[in-house]
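Notes for the one structure printed next.
The values are calculated or read from the model by the stated rules, or taken from the named source; none is laboratory data. Values in this document were obtained by computation on a predicted structure and should not be read as measured data. Please note: Cβ atoms are built from the backbone with ideal geometry, for glycine as well, and neighbour counts cover all protein chains shown.
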Amino acid sequence: MQPRQQIRQTIRHARRQLSRKQQTEAAQKVAARFMALPDVMNAQRIALYLSFDGELDTQPVIKACWQAEKNVYLPVIHPFSHGHLLFLQYHPHTRMRINRYGISEPTLDIRTLTPSSKLDVIATPLVAFDADGQRLGMGGGYYDRTLGLCAPNSTAIGLAHDCQHWHPLPSEQWDMPLSHILTPSQHWHWPA
Ligand SMILES: Nc1ncnc2c1ncn2[C@@H]1O[C@H](COP(=O)(O)OP(=O)(O)OP(=O)(O)O)[C@@H](O)[C@H]1O
Ligand SMILES: [Mg+2]
């Protein structure tokens, strides 16, 4: 089995080769799948993220959630609790800043903060996923910690391109598996 860092490098490279047209089509297909999930239809508070580095573009999902009058939240790197995320509500007019990873995040405003335990659905970024629902992220452990704090009846959904499938992934005891992974061509689901 290849080490985690090598898998990350190979898949991030493959993902960056996708054309703009492939990216656009993939994002639309995954957004339609996402909105059709019963757990999403029944959800009011949905955490999403802004894509970078060739990740599946989440803008169509965010817009569809706003249109469906869901509350959308984005992760913000916690200012002092190392390796943790805060989730702040995101509107079309939310003030944004660039964080240490070069990713846009809402400016800190405790009035729009929601505890992770109150999120109904958490969409997670990922570099790789396998056929058992294991995910490999960028290596910060941010989403492993977040999923550990979420309510047991919340739903963790990975959004990915088909080229991010890598089986089996080496997993560690702290890695939190997902219950759904949506790609343009497939819906993977593992019962809780
Ligand atoms: N719940 C946790 N509590 C404490 N440390 C953790 C926890 N989860 C992960 N870590 C630490 O975070 C580091 C990175 O973990 P890992 O390689 O699984 O990141 P990742 O899943 O790729 O990243 P991310 O979750 O940010 O997408 C590891 O060194 C691990 O010890
Ligand atoms: Mg992990």
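Restricted to the stretch 128-187, and to residues that are of a type in the set (D, E, K, R), within 14 Å of ligand 2 (Cβ to nearest atom) and farther than 27 Å from residue 82 by Cα, which residue is surrounded by the fewest Cβ atoms within 10 Å (Cβ to Cβ)? Among residues in the stretch 128-187 that are of a type in the set (D, E, K, R), within 14 Å of ligand 2 (Cβ to nearest atom) and farther than 27 Å from residue 82 by Cα, the one surrounded by the fewest Cβ atoms within 10 Å (Cβ to Cβ) is 132. Does residue 101 qualify as being surrounded by fewer than 18 Cβ atoms within 10 Å (Cβ to Cβ) and either modelled with pLDDT under 95 or within 16 Å of ligand 1 (Cβ to nearest atom) (or both)? Against the criterion (surrounded by fewer than 18 Cβ atoms within 10 Å (Cβ to Cβ) and either modelled with pLDDT under 95 or within 16 Å of ligand 1 (Cβ to nearest atom) (or both)), residue 101 qualifies. Could you tell me whether any residue of the stretch 119-127 is within 11 Å of ligand 2 (Cβ to nearest atom) and either free of Cβ contacts under 8 Å to residues at least 60 places away in the same chain or aromatic (Phe, Trp, Tyr) (or both)? Yes.
Cβ-Cβ distances below 7 Å connect the following pairs, each with a first residue in the stretch 130-148 that is farther than 20 Å from residue 10 by Cβ, a second residue that is more than 9 Å from ligand 2 (Cβ to nearest atom) and part of a helix (DSSP H, G or I), and a separation of six or more residues or different chains: 146/116.
Would you point out the residue of the stretch 125-138, among those that are within 13 Å of the chain's Cα centre (by Cα) and not charged (D, E, K, R), that is farthest from ligand 1 (Cβ to nearest atom)?
At the first step, the residues of the stretch 125-138 found to be within 13 Å of the chain's Cα centre (by Cα) are 125-129, 135-138.
Next, only the ones that are not charged (D, E, K, R) stay: 125-129, 136-138.
Numbers: 125: 7, 126: 7, 127: 7, 128: 9, 129: 11, 136: 5, 137: 2, 138: 5 Å.
Only one residue fits best here, namely 129.
Kindly indicate whether any position in the stretch 59-71 is surrounded by 17 or more Cβ atoms within 10 Å (Cβ to Cβ), aromatic (Phe, Trp, Tyr), out of contact with any His (no Cβ under 7 Å at 6 or more places or on another chain) and modelled with pLDDT of 95 or more. So far as the stretch 59-71 goes, no, none of its residues is surrounded by 17 or more Cβ atoms within 10 Å (Cβ to Cβ), aromatic (Phe, Trp, Tyr), out of contact with any His (no Cβ under 7 Å at 6 or more places or on another chain) and modelled with pLDDT of 95 or more.
When you look at residue 16, is it basic (Lys, Arg) and more than 27 Å from residue 184 (Cα to Cα), yes or no? Explain how you work it out, then say what you get.
Details: basic (Lys, Arg): yes; more than 27 Å from residue 184 (Cα to Cα): no.
When the stated conditions are applied, residue 16 does not pass them.
Highlighted here are the strands (runs of 3 or more DSSP E) found entirely within the stretch 23-112 that include at least 1 residues which are without any contact (Cβ under 8 Å) to a residue 12 or more places away in the chain: 96-98.
Of the residues 81, 117, only one is over 27 Å from residue 26 (Cβ atoms) and touching a Cys at 6+ places or on another chain (Cβ under 7 Å); which?
117
Give the residue that is nearest to residue 169 (Cα to Cα), with candidates limited to residues of the stretch 139-152 that are near ligand 1 (Cβ under 9 Å from one of its atoms) and touching a Leu at 6+ places or on another chain (Cβ under 9 Å).
So in the stretch 139-152, the residues near ligand 1 (Cβ under 9 Å from one of its atoms) come out as 139-149.
This time we only want the ones that are touching a Leu at 6+ places or on another chain (Cβ under 9 Å), so: 142-143, 145-147.
Working: 142: 18, 143: 17, 145: 19, 146: 20, 147: 19 Å.
Among residues in the stretch 139-152 that are near ligand 1 (Cβ under 9 Å from one of its atoms) and touching a Leu at 6+ places or on another chain (Cβ under 9 Å), the one nearest to residue 169 (Cα to Cα) is 143.
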